[in-house]
Structures are given as C-alpha cells and as structure tokens.
Amino acid sequence: MPKLSYKARRRWSLVVLLIGLPIYIVVAVNFTDWLRARYEGLPVLVELLVFVVLGFLWMLPLRSVFLGVGKADPDEEE
C-alpha cells in the first residue's frame, strides 16, 4: 500500500471527520437501538460499554490517516 503524503492525509482526515464520522455515529446508534429492541432493554452499563467499544473501533483502521496531521508539514522546506 502506498504511503499517503501529508497533504493527502490532511484532506482524508477532514473527509473522515466531516462525512464518515457522522455516518458512523448514526450506524452505531441504530445498532444500539437494535440491540435494545432485540434483548428487550439493555442495562445502562452494557449500553455504555457498547458505545465505548464502538467509539474506539472506528479509529483502528483510520489510524494511519490521522497520524501526524496536527504537526507541521515534514516535507515543507523552511
């Protein structure tokens, strides 16, 4: 897999945060609603655990996109 440039990572991180994350939140809430309906109510701690796990799960495949985005451009000449 080719390595993304700094500018490409910045652009992709914006796309993920502005478009992908809201879609993922809707999917996560619908999944939790489905679990609540399927098991006729979830205990609050189980529901919290599901949201915490889903909150970390979205970051794992996108880690390489967000690495170093907040720092100065390493390719830029001074």
Regarding Glu77, is this residue at pLDDT 85 or above and either under 27 Å from Ser13 (Cβ atoms) or not in a loop (DSSP other than H, G, I, E, B) (or both)?
no
Within the group Leu17, Leu35, Leu49, Leu4, which residue is in contact (Cβ under 8 Å) with a residue 12 or more places away in the chain and in a helix (DSSP H, G or I)?
Leu35
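The values are calculated or read from the model by the stated rules, or taken from the named source; none is laboratory data. Computed from a predicted structure; not experimentally measured. All Cβ positions, even for glycine, are placed from backbone atoms using ideal geometry, and neighbour counts span all protein chains on display.
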